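J.: What follows is a structure written as structure tokens; I'll ask about it next.
The values are calculated or read from the model by the stated rules, or taken from the named source; none is laboratory data. Every value quoted in this text rests on a predicted model; they were computed, and no experiment measured them. Every residue, glycine as well, gets a Cβ built from its backbone with ideal geometry; the counts of neighbours run over all protein chains shown.
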Amino acid sequence: MKYLKAFLSVGFVIGLVYALSRPWGVVPALGPFISPFTGFWQNGEVPFAEHFGDRELELDSLRDEVTIRFDDVGVPHIFAKNNYDLYYAQGYVTARDRLWQMDLQTRAAAGRLSEVLGSRTIEMDRKARRMGMGYGAEVNLESTMSYPASREALLGYTAGINAYIDQLSSRTIPIEYKLLGYKPERWTPIKCMYMLEQMTLTLAGRADDLAMTNLLKSLGQDTVNDLYPDYPKLQESPVIPVGTPWDFIRKPIPASIEGENEVLADSTEEKLSAIPLSEPMVEGLGSNNWAIAAGKSATGYPILSNDPHLELTLPSSWYKVQLHSPDMNVYGVSLPGIPGVVIGFNQNVAWGVTNVDADVLDLYKIQFRDATHAEYRYNGQWRKTRKRMEMIAVKGSSDSIQEAMIYTHHGPVINYEGEKDYNGPNLAARWIGHEPGNNFRTFYELNKARNYDDYRQALTYYVGPAQNFVFADNSQNIAITANGKLPLKRQDQGKFLLDGSRPADDWQGWIPAAQNPAVKNPPRGYVSSANQHSTDPTYPYYINWRFAPPERAIRINERLEAMTQATADSFRVLQNDNYSIQARTILPTLLDYLRTTPLAPKQKAAFQVLESWDKVNSAGAIAPSIFEEWAGALGKAIWDDELYSKGQAFRYPTRDRTMFMIINQPDARWFDNVKTPAKETISDIVVQSFRTALDSLTVRHGPMSPTWEWAKVKDTEILHLSRALKPFNSLPIRNGGGSSMVNATTHHHGPSWRMVVELGPEPRAYGLYPGGQSGNPASPLYMSMIAKWEKGELNELLYLKAADDKNDRLQSTWTLKKN
Amino acid sequence: MRPVINYFIILAATALLQLVLPWWIIAVVPFAVCMWRSSHPDMAFLVSLAAVSTVWLAYATFMHRTTEGSMSDRIAELFSLPSGMALMFSVTLLGGIVAGFAGLAGYYVRQLFVREQSVYKF
């Protein structure tokens, strides 16, 4: 009996300890997690103690002493005596504030999430591997490491991150590691490349090729040309002002092939499904930037603005930093995981970026010789493929998944005929993310640029994702360049699926960098971009057939046109502009149809709200909720019956094309709902969709009342990167805006950084992002800038000249000494 | 008197050893102490529970207070508990129970030897 008691009780305790030492599903191993000595308790932050206290650190592999001064929003101002130390310190403080974010994002890019999250992320990882993210990162690492300045930056940055990681213990690692039950691993330079690949994927990793091929198949070339034109039919205000001369010697443009697209459309019998796990292009992944010349400003110098729109997350996409070395003194935002400043300013220049949205991802139909995938058809012959082994380790499983990725000369095969959840041919991806280059060098050169020539030179190193680089300097220059390596193609090449066996469908080289769309000091006195068409149709090369809808650009350009004596505050107001060009364009026409229709009392009330609306998507207005819902319902009512079928790759005609038809082609056959025996007119569809919109708002938000306020319907929220830890999310955001407004705030996307720079003898700059410098949810600096962002305010950015500058906003000093 | 001394031995040893060793030392210490010098199963359980609970409650309270609940309140929400305080008591209880059962196991293992000793004596 006593043996049994002893045996059972010891067994029970061992079982209990074991059960508390391992994770159960999403619940972390409770023992270490709840222990006050090692668990989450240790991640609480004493308000302001972590960020604000002088410190002296002795660190390995530093070359000289570095001084870091922290200001009141937690921005590190780094003063180093050489660039290696500069990036070392940047790596160290970025890791201090954002380690888990950097880890997660590079893991996602590398297809290594399953290693720490288990089997639920295998498909995501497989997709990253198939997309060739690793291949792209490797070729980019090679070219980046071969240039001394970028090599030094990558090595310094890596050493700094590792110096931080090395002094962590299981007690001090960030809370997310404790919750997910894994430990930080050492940083390597290729992880910086993975961050760049991830950005390229976000901004230039989607293709409409399958959707357009389906449409071509069902509608025919003429109708597709009509409904999916290569340039807006109603209105546009391109990045490069209309009339800008193209004074360069054009490269010959590849000739079109007769019936090129029909061949493919016919050869694939069934309709193609969308690529599994591919997300459609969201409106809200775009950006604004602009600059005005001295003639329009009150300061006598140019002023520049930039607000990149991304998914809004906590921690934020951006991290503010000032970098000072004998080479440079630059301030701006960096992407955690990449050394240097991506958007910012220095003593002499300021610059910003928006996405060009060039078509730099094309899909090719591949015909393999047999099931071994060893050879594929090309130019009438069989060509060998290359194999690249990828291994996905899975947490909680002893076997890792081994898969051979097949590479053609176009690029990797991303989908195979006959595989699960996919109906279509073998697809190879030709993608700018696989092109070797040194994007870092562009930012490095911009960080220390002194003038326009430096800016133009810096841009030549950039590969992709192509960006509209806006620029202003102290010598009164303003400029904008749609910049990146842009493939030389025939018109519409890659609008549809391409034939991987036909040499004429290959990319035919590149548009010469000097011929990328650009303008310097245009007579109108301002430059701007909002992801719209780079140029009007007179530009000799094909970049893409569709860009972001033109409304933001039109509004920005109208406002800039009218601006005189502008200041930074005029720009701040424009960044927060909620005026709806879309409503101005289409609402009067739509309301006319309602006016001639008898309406029920509730509809009448909604009609009156719209009629008296100032067309501003402000937070407290009800009209924008009705209009946005209605516009969406109307688009579906017009197109779904003819064009849409479930499970197939599909895209709607552009908003511009739809509005053009409503205004100028009221008798178009597309208004009739072919699923009903009756013959509907435009008036029927407009009225029906109005009722549908009101009904669905009522279902979601109750009868019309303050619950229909735009801020509540839009429901902007900023989620923690895990998307699963609710207590780490922001509180609900109350602001205006919308996808077609300059203030492009939507449910989960929006201005991820707002910056305004007044150039001059002393630059004055303002900016913030909806988050905070610290990535620790317990830090007072975790979301300290959200409240001001929500109100549309900006912080002045503290630009220091020297390490011993005096300023009331400076809180603490760190001295980094070599060990 | 013996239980009180045991309480302080466990308290001091777990407090110190947890600074360097993993969390499961809160089971090892009560087990060892009770195997060494406990005389009653109920006391072994209660003393171990009380000693580790004291340490955890004190340190958790200190961490919770000095950080103004900045992390503990959020984790409480994650575990659907009303507040960081509620979390603190739940955590303390759980740590205490682990220690209590370990102490009890220590007592039963001690009994294996104690009887043999008595037989030998008489």
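J.: Cβ-Cβ under 7 Å, sequence separation 6+ or interchain: first residue in the stretch A:694-705 and under 13 Å from residue A:622 (Cβ atoms), partner surrounded by 12 or more Cβ atoms within 10 Å (Cβ to Cβ) and of a type in the set (Lys, Arg). Which pairs?
T.: Close Cβ pairs (under 7 Å, with a partner that is surrounded by 12 or more Cβ atoms within 10 Å (Cβ to Cβ) and of a type in the set (Lys, Arg)) amount to A:694/A:602; A:704/A:602.
J.: Here's another thing I want to ask about it. Report those strands (runs of 3 or more DSSP E) wholly inside the stretch A:269-379 carrying at least 3 residues which are closer than 30 Å to residue A:86 by Cα.
T.: So the answer is A:287-292, A:303-311, A:319-325, A:328-334, A:343-345, A:349-355.
J.: Hey, another quick one. Show me the helices (runs of 4 or more DSSP H) found entirely inside the stretch A:566-623 where at least 2 residues are surrounded by fewer than 17 Cβ atoms within 10 Å (Cβ to Cβ) and over 33 Å from the mean Cα position of the chain (by Cα).
T.: Per the criteria, A:581-595, A:601-611.
J.: Out of A:456, A:441, which single residue is under 21 Å from the mean Cα position of the chain (by Cα) and not in a loop (DSSP other than H, G, I, E, B)?
T.: A:441
J.: Among the residues of the stretch B:31-48, which ones are in a helix (DSSP H, G or I) and either in contact with a Cys (Cβ under 6 Å, 6 or more places away or on another chain) or within 13 Å of chain A (Cβ to nearest Cβ) (or both)?
T.: B:31, B:32, B:34, B:35, B:41, B:44, B:45, B:48
J.: Being outside any helix (DSSP H, G or I), buried (at least 19 other Cβ atoms within 10 Å of the Cβ) and more than 10 Å from every other protein chain (Cβ to nearest Cβ), is that true of even one residue in the stretch B:68-91?
T.: No, there is no match, as no residue in the stretch B:68-91 is outside any helix (DSSP H, G or I), buried (at least 19 other Cβ atoms within 10 Å of the Cβ) and more than 10 Å from every other protein chain (Cβ to nearest Cβ).
J.: Continuing with this model, one more query. If we keep just the residues of the stretch A:44-62 that are under 25 Å from residue B:61 (Cβ atoms) and modelled with pLDDT of 85 or more, which is farthest from the other protein chains (Cβ to nearest Cβ)?
T.: Only one residue tops the list, namely A:45.
J.: Out of curiosity, is residue A:660 part of a helix (DSSP H, G or I), over 30 Å from residue A:270 (Cα atoms) and in contact with a Lys or Arg (Cβ under 9 Å, 6 or more places away or on another chain)?
T.: yes
J.: Here is a follow-up. What number of residues within the stretch A:1-32 are at the interface with chain B (Cβ under 9 Å from one of its Cβ atoms) and charged (D, E, K, R)?
T.: Residues in the stretch A:1-32 being at the interface with chain B (Cβ under 9 Å from one of its Cβ atoms) and charged (D, E, K, R): 2 in total.
J.: While we're here: For the stretch A:762-773, indicate whether the set of residues that are farther than 23 Å from residue A:41 by Cα, over 19 Å from the mean Cα position of the chain (by Cα), more than 14 Å from chain B (Cβ to nearest Cβ) and assigned to a loop (DSSP other than H, G, I, E, B) is non-empty.
T.: yes
J.: Among the residues of the stretch A:482-500, is any closer than 14 Å to residue A:290 by Cα and small (Gly, Ala, Ser)?
T.: Checked against the condition, which is being closer than 14 Å to residue A:290 by Cα and small (Gly, Ala, Ser), the stretch A:482-500 yields at least one hit.
J.: Another question, if that's okay. I'm told residue A:122 meets every condition in (1) more than 30 Å from residue A:387 (Cβ to Cβ); (2) of a type in the set (A, V, I, L, M); (3) in a helix (DSSP H, G or I) except one. Can you identify the failing condition by its number?
T.: Of (1) more than 30 Å from residue A:387 (Cβ to Cβ); (2) of a type in the set (A, V, I, L, M); (3) in a helix (DSSP H, G or I), only one is false for residue A:122: (1).
J.: Quick test for you: out of A:493, A:476, A:508, pick the one residue that is buried (at least 19 other Cβ atoms within 10 Å of the Cβ) and assigned to a loop (DSSP other than H, G, I, E, B).
T.: A:493
J.: Another question, then. Would you be able to say whether some residue in the stretch A:435-445 is charged (D, E, K, R), farther than 17 Å from residue A:351 by Cβ and at pLDDT 95 or above?
T.: Yes, that holds for at least one residue.
J.: Sticking with this structure for a sec: Condition (residue is crowded, with 24+ Cβ neighbours inside 10 Å, more than 19 Å from residue A:741 (Cβ to Cβ) and hydrophobic (A, V, I, L, M, F, W, C)) applied to the stretch A:526-543: is it met by at least one residue?
T.: yes
J.: Which numbered condition trips up residue B:23, out of (1) surrounded by fewer than 23 Cβ atoms within 10 Å (Cβ to Cβ); (2) in contact with a Gly (Cβ under 6 Å, 6 or more places away or on another chain); (3) not in a helix (DSSP H, G or I)?
T.: (1)
Per-residue answers, yes or no, for (1) surrounded by fewer than 24 Cβ atoms within 10 Å (Cβ to Cβ); (2) closer than 24 Å to residue A:331 by Cβ; (3) in contact with a Phe, Trp or Tyr (Cβ under 8 Å, 6 or more places away or on another chain):
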site	(1), (2), (3)
A:382	yes, no, yes
A:389	yes, no, no
A:395	yes, no, yes
A:401	yes, no, no
A:412	no, no, yes
A:421	yes, no, no
A:461	yes, yes, no
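J.: Quick one: count up the residues across the stretch A:205-235 that are buried (at least 19 other Cβ atoms within 10 Å of the Cβ) and among the charged types (D, E, K, R).
T.: Residues meeting the conditions: 3.
J.: Out of the residues in the stretch B:1-22 that are without any contact (Cβ under 8 Å) to a residue 12 or more places away in the chain and facing chain A (nearest Cβ under 10 Å), state the one that is nearest to residue A:13 (Cα to Cα).
T.: Going through the qualifying residues, I end up with B:22.
J.: Another question, if that's okay. Tell me which of these residue B:52 doesn't satisfy, since it passes every other one: (1) in a helix (DSSP H, G or I); (2) farther than 19 Å from residue B:95 by Cβ.
T.: Only one criterion is unmet by residue B:52, namely (2).
J.: Looking for something under 23 Å from the mean Cα position of the chain (by Cα) and either within 24 Å of residue A:310 (Cβ to Cβ) or crowded, with 23+ Cβ neighbours inside 10 Å (or both) - is there at least one such residue anywhere in the stretch A:165-185?
T.: no
J.: Answer yes or no as to whether residue A:154 is aliphatic (A, V, I, L, M), surrounded by fewer than 21 Cβ atoms within 10 Å (Cβ to Cβ) and closer than 29 Å to residue A:324 by Cβ.
T.: no
J.: Follow-up question, since we're still on this one. Consider the stretch B:2-20. How many of its residues are more than 15 Å from residue A:35 (Cβ to Cβ) and surrounded by fewer than 22 Cβ atoms within 10 Å (Cβ to Cβ)?
T.: Selection size over the stretch B:2-20: 10.
J.: Could you figure out which of (1) part of a loop (DSSP other than H, G, I, E, B); (2) out of contact with any helix residue (DSSP H, G or I) (no Cβ under 6 Å at 6 or more places or on another chain); (3) not aromatic (Phe, Trp, Tyr) isn't true of residue A:549?
T.: (2)
J.: Scan the stretch A:783-819 residue by residue and report those that are of a type in the set (A, V, I, L, M) and in a loop (DSSP other than H, G, I, E, B).
T.: A:783, A:785, A:794, A:798, A:800, A:802, A:803
J.: Considering only the stretch A:386-403, how many residues are touching a strand residue (DSSP E or B) at 6+ places or on another chain (Cβ under 9 Å) and free of Cβ contacts under 8 Å to residues at least 24 places away in the same chain?
T.: Of the residues in that region, 6 qualify.
J.: Another question, if that's okay. With A:197, A:142, A:176 as the choices, which residue is part of a helix (DSSP H, G or I) and under 30 Å from residue B:60 (Cβ atoms)?
T.: Being part of a helix (DSSP H, G or I) and under 30 Å from residue B:60 (Cβ atoms) holds for just one of A:197, A:142, A:176, which is A:176.
J.: Hey, residue A:44 hits all of (1) of a type outside the set (S, T, N, Q); (2) closer than 30 Å to residue B:44 by Cβ; (3) touching a residue at least 40 places away in the same chain (Cβ under 8 Å) but one; which does it fall short on?
T.: If we test residue A:44 against (1) of a type outside the set (S, T, N, Q); (2) closer than 30 Å to residue B:44 by Cβ; (3) touching a residue at least 40 places away in the same chain (Cβ under 8 Å), just (2) comes out false.
J.: Right, here's the next one. Within the stretch B:52-63, can you find the residues that are within 7 Å of chain A (Cβ to nearest Cβ) and within 20 Å of residue A:776 (Cα to Cα)?
T.: Once the filter is applied, which keeps residues that are within 7 Å of chain A (Cβ to nearest Cβ) and within 20 Å of residue A:776 (Cα to Cα), the stretch B:52-63 yields B:60, B:63.
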